[in-house]
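As structure tokens, the structure follows; a few thoughts come after it.
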Amino acid sequence: MSNRDNPRTPLSQLDAFFVAYQERAGIAMQLGVELQLQGAFGRVDLETAVARTVRRWPQLAQTLARRPLGLCWHGPPKLGDMVEEAHCPKRRSACRDEMIDPFTEPPLRVVWMRGARPGVQHLDLHAHHAVADGGRFVAVVEHLLEGLARSQAERQREPSGEAVPPTRLTDVLPWTAYWGPVGLWRTIAASRSWRRTARQAQARLALHSGAAGVTRTCERVVAASASTWTVAAAWIKAIHAHNYQRGRLSDAPVSLEVPVRLAPKDCASLGNLVSPIVVAASGDQPLAVIAAALQAQFRDAIRQRAHQWVAASTLPGTLLPWPLFKRVAAGETYSGFATSHVTWARSLQALSERMRVLSDGRLRLVHAVPYTPVCRHMGAALLVMPFPAGLKLVVTHREQALSRADVEAMLHDVQAALTSEAAETHGEKVA
């Protein structure tokens with residue numbers, strides 16, 4: 001097999017962090033989506049679609065190898081290990097919490113189960129966070145499902161296309177962020193500032209237990225449009241209310257970790273080409289005040305290119321031997337110290353229409369439930385997906401940390417805040 005078919009793809013320090021965190025914290029660091037499809041496809045169709053996606057991104061079928069400095073995706077593709085047919089719902093749900101060991105198995109796992117009703121099929125995709133950030137994971141899901149749709153119309157039965165070359169983190173960071181006197185000074189200053197932020201008091205979400213365990217998702221569709229920061233503000237108020245009800249209020253602000261993409265939109269490479277920005281506010285303020293404060297903090301951070309400097313300041317981590325990197329990186333100095341995590345994801349509604357067209361109406365996407373990793377002390381993370389009729393809110397949480405009733409109550413508070421805000425805004429426009 002040629003190097004072209006069996007490439008070595010080094011992990012950035014941002015990619016390797018998720019491998020280290022999973023090993024040290026015992027928390028599954030994987031992204032996923034559970035899909036319900038209407039249509040009759042078979043295992044050959046599915047394996048062909050997976051092979052086509054692996055052709056584009058070979059690291060999805062490889063495993064990690066330890067190098068003298070750092071890690072890399074390496075070895076022949078293990079396509080045969082990627083697809084599993086489940087025969088009961090319990091097996092499907094168990095796959096979500098089975099940690100993917102990227103040193104021994106491919107970072108993408110595809111679980112397929114035929115539904116109880118004719119023509120209904122379930123397809124769950126799970127990916128280790130080390131291979132992709134949230135945006136790139138959605139790209140993988142779209143590519144695979146489009147290939148599956150094409151197979152229904154017999155337009156494409158064999159893998160095709162060229163592999164996407166990897167993009168290094170240094171390719172997307174401005175050279176001033178890691179080279180030259182000014183860049184070096186700014187990088188050191190950003191590292192110190194980030195460490196100060198990590199050491200500052202952060203409100204903690206009141207949890208029943210901080211132990212590792214199974215994850216669950218709770219979703220709600222809100223028939224209201226809202227800005228990113230209004231939703232984030234509503235989540236802060238919901239956390240504040242939850243803590244108040246459990247007697248766990250503190251003077252520390254509620255902080256949110258928000259991922260910011262470093263690479264341009266047309267970059268098709270996998271990996272974690274994102275860097276976090278942390279914003280914070282007190283949950284006892286009015287929704288509009290919190291939203292304005294979060295937006296101002298975020299704009300200031302983007303203007304100062306804080307996310308770039310933070311990413312640049314961790315670049316030396318790629319020069320550390322893996323055992324040392326794992327000890328240094330798996331703490332809460334550079335990630336995971338905020339109260340919670342909020343991500344704004346792309347809706348899969350357009351994908352559903354593309355699948356219908358590509359399959360000549362033979363395959364439809366009926367329902368999709370995404371989930372995200374949850375850092376050990378956070379207990380819950382919010383994912384927001386916009387729809388024409390409103391917003392889908394999905395909270396991934398650990399059962400030991402928060403009960404379903406806890407999460408339902410928090411989502412109720414978010415929905416009430418957004419609905420109230422929408423009514424007030426509409427009233428102002430009418431007036």
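The values are calculated or read from the model by the stated rules, or taken from the named source; none is laboratory data. Being a predicted model, the structure only gives us computed values, none of them experimental. Reconstructed Cβ throughout: ideal geometry from the backbone, glycine too, with neighbour counts over all protein chains shown.
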When residues of region 52-79 are limited to those that are surrounded by fewer than 17 Cβ atoms within 10 Å (Cβ to Cβ) and at pLDDT below 90, the one farthest from the chain's Cα centre (by Cα): Pro68
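Each row is one residue, and each column tells you yes or no for (1) within 17 Å of Pro286 (Cα to Cα); (2) hydroxyl-bearing (Ser, Thr, Tyr); (3) touching a Ser or Thr at 6+ places or on another chain (Cβ under 7 Å); (4) part of a helix (DSSP H, G or I).
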residue	(1), (2), (3), (4)
Ala203	no, no, yes, no
Gly210	no, no, no, no
Val231	yes, no, no, yes
His242	yes, no, no, yes
Val258	no, no, no, no
Asp266	no, no, no, no
Any hit, region 297-317, residues being crowded, with 22+ Cβ neighbours inside 10 Å and of a type in the set (Phe, Trp, Tyr): yes
Count of region 339-374 residues which are surrounded by fewer than 21 Cβ atoms within 10 Å (Cβ to Cβ), in contact with a strand residue (DSSP E or B) (Cβ under 7 Å, 6 or more places away or on another chain) and hydrophobic (A, V, I, L, M, F, W, C): 5
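Sort out which residues of region 387-411 are touching a residue at least 40 places away in the same chain (Cβ under 8 Å) and either among the small types (Gly, Ala, Ser) or surrounded by fewer than 20 Cβ atoms within 10 Å (Cβ to Cβ) (or both), and write them in order of number. Spell out the reasoning first.
Restricting attention to region 387-411, the residues satisfying the condition of being touching a residue at least 40 places away in the same chain (Cβ under 8 Å) are 387, 389-404, 406-411.
Within region 387-411, Phe387, Ala389, Gly390, Glu399, Gln400, Ala401, Ser403, Arg404, Glu408, Ala409 meet the criteria.
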First in region 201-230 and more than 27 Å from Val289 (Cα to Cα), second anywhere and acidic (Asp, Glu) and in a loop (DSSP other than H, G, I, E, B), Cβ under 6 Å, 6 or more apart: Gly213/Glu399; Val214/Glu399; Arg216/Glu399
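Could you please give the count of residues in region 290-315 that are closer than 22 Å to Thr187 by Cβ, touching a residue at least 24 places away in the same chain (Cβ under 8 Å) and of a type outside the set (Lys, Arg)?
Looking only at that region, the number is 13.
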Residue match in region 90-97 (condition: outside any strand (DSSP E or B), modelled with pLDDT of 95 or more and either polar (S, T, N, Q) or out of contact with any strand residue (DSSP E or B) (no Cβ under 9 Å at 6 or more places or on another chain) (or both)): no
Residue match in region 270-283 (condition: surrounded by fewer than 20 Cβ atoms within 10 Å (Cβ to Cβ), more than 22 Å from the chain's Cα centre (by Cα) and not β-branched (Val, Ile, Thr)): yes
